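Heads up: the structure comes next, in structure tokens.
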Amino acid sequence: MKSPTPIQITIAKPCTQDWNAMSVTPSGRYCTQCDHTVIDFAGMSDAQMLQTIAAAKGKVCGRFRATQLDRPMDLPWVPQQRVCKKRYSKKYGPTGKPLHN
């Protein structure tokens, strides 16, 4: 099986606003300058970061450690649910009981 393409987080234009001046919210801080919640990714694992970014709707503003940026990250492994299609003969139904007497 082919392994997935790694993902890399890069910030083209870093925010210049002071993190400590922003008001605290449950998911990070609120920036009044850009009117966005800035998510604190600094304490998150790669899997948590990718899950949070994937779940976000639209633009994501975040605070990262330098070591979290500009490096390849593999997508976390998610077990696939196996679909089993049972075939039944014309003689027996899904319960295993004969269809005709």
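The values are calculated or read from the model by the stated rules, or taken from the named source; none is laboratory data. This structure is a prediction, so every number in the text was calculated from the model and none was measured. We place every Cβ from the backbone using ideal geometry, glycine too, and count neighbours over all the protein chains shown. Side chains are part of the model used for accessible areas, which takes the heavy atoms of the whole protein and leaves out ligands, DNA and RNA. Shrake-Rupley method; radii C 1.70, N 1.55, O 1.52, S 1.80 Å.
Filter segment 48-59 down to residues that are open to solvent by less than 50 Å² (accessible area, probe 1.4 Å) and part of a loop (DSSP other than H, G, I, E, B), then give me how many there are. Quick ask: steps written out before the conclusion?
Of the residues in segment 48-59, the ones open to solvent by less than 50 Å² (accessible area, probe 1.4 Å) are 49-50, 52, 56.
Still in the list and also part of a loop (DSSP other than H, G, I, E, B): 56.
Residues flagged as open to solvent by less than 50 Å² (accessible area, probe 1.4 Å) and part of a loop (DSSP other than H, G, I, E, B) within segment 48-59 amount to 1.
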Review point. Do any residues in segment 6-35 that are within 28 Å of residue 73 (Cα to Cα) have Cβ atoms under 7 Å from those of residues that are open to solvent by less than 50 Å² (accessible area, probe 1.4 Å) and modelled with pLDDT under 90, where the two are at least six apart or on different chains, and which pairs are they?
Key: 6/73; 7/50; 7/73; 8/73
Check your understanding: If you scan segment 30-47, which residues turn out to be part of a strand (DSSP E or B) and β-branched (Val, Ile, Thr)?
Key -> 37, 38, 39
Practice item. Kindly indicate whether any position in segment 31-47 is surrounded by 14 or more Cβ atoms within 10 Å (Cβ to Cβ), at pLDDT 90 or above and of a type in the set (Phe, Trp, Tyr). Key: yes
**Study point:** Counted residues, segment 5-29 - those being open to solvent by less than 70 Å² (accessible area, probe 1.4 Å), over 16 Å from residue 70 (Cα atoms) and part of a loop (DSSP other than H, G, I, E, B)
**Key:** 2
Review point. Would it be correct to say that residue 66 is hydrophobic (A, V, I, L, M, F, W, C), open to solvent by 70 Å² or more (accessible area, probe 1.4 Å) and modelled with pLDDT under 90?
Key: no
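Go through segment 21-35 residue by residue and tally those that are under 21 Å from residue 51 (Cα atoms) and touching a strand residue (DSSP E or B) at 6+ places or on another chain (Cβ under 8 Å).
Number of matching residues: 5.
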